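Participant: First the structure, then my questions, so here it is.
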Amino acid sequence: MIASAFLGLVGGGVQVVKSLSAFTSAGAEFGWIPLALLVLAGVAAIAGGATSLQKPAVGGLVLVGAGVLALALDAFGPSPPPRILPALVMWLAAAFALGAVPTTPAASPWAKAAVALGIAVHVVLAWPLAAFGLVVPLWALFLILLVWGSLLVVALRVRGERPWLVLAAPLLALGFALGTAILGSELFGWTP
């Protein structure tokens with residue numbers, strides 16, 4: 001839970017600093033409403049990280065919401081956007097927070113190892129999925145990362161009852177990303 005608080009603080013802090021620096025470099029073209037929403041995402045991440053120390057389920061959900069807001073504003077907001085790194089850090093903090101929520105414990109050591117491996121691979125997969133932004137448009141990248149984050153939450157929720165399903169989360173996320181890129185390339189002519 002300390003990791004989720006620390007990562008929430010880092011992700012939120014980076015979000016606020018990058019938002020303010022983007023606002024100062026872009027000037028009036030950036031706009032006050034996007035700035036307020038970007039700073040809100042950062043403050044929500046900090047609050048979610050702090051809340052996760054006492055109530056990990058609530059803190060985790062706040063961190064997921066802050067990550068989605070940051071990613072949405074990154075994809076559809078003003079230019080230059082703060083970039084995607086703060087949202088990924090917020091989702092990682094949410095993973096730690098939601099991972100602390102008690103569920104039915106996995107029965108065997110093999111099941112516990114499967115859960116640990118599945119979550120680790122899924123979290124590491126976020127970085128290559130973020131690189132899909134070089135191939136797909138921003139709205140498709142937003143969709144890919146939204147599916148990735150949703151699968152992370154599902155994997156954390158089912159880790160006690162169905163630990164072997166956790167191994168499917170990174171495969172599903174990678175399959176969705178590759179399918180989106182291939183389909184977009186064939187139908188819409190997306191190229192790097």
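Participant: I need the full set of residues from segment 49-61 which are assigned to a helix (DSSP H, G or I) and either basic (K, R) or at pLDDT 80 or above (or both), in order please. Full working, then the answer.
Facilitator: First pass over segment 49-61, keeping only residues assigned to a helix (DSSP H, G or I): 49-51, 56-61.
Across segment 49-61, the qualifying residues are A50, T51.
Participant: Just to confirm my filter: which helices (runs of 4 or more DSSP H) fall fully inside segment 89-165 and include at least 1 residues that are modelled with pLDDT under 85, on the phi > 0 side of the Ramachandran plot and assigned by TED's automatic domain parsing to the domain that holds V62?
Facilitator: Working: elements: 109-124, 126-130, 138-158.
Ranges flagged: none.
Participant: Quick one: G27 ticks every box in (1) over 18 Å from F6 (Cβ atoms); (2) at pLDDT 75 or above bar one, so which box is it?
Facilitator: So the condition that G27 fails would be (2).
Participant: Filter segment 114-161 down to the residues that are free of Cβ contacts under 8 Å to residues at least 60 places away in the same chain, crowded, with 16+ Cβ neighbours inside 10 Å and of a type in the set (G, A, S) and list them by number.
Facilitator: A114, G118, A126, A130, G133, A140, A155, G160, listed by residue number.
The values are calculated or read from the model by the stated rules, or taken from the named source; none is laboratory data. This structure is a prediction, so every number in the text was calculated from the model and none was measured. We place every Cβ from the backbone using ideal geometry, glycine too, and count neighbours over all the protein chains shown.
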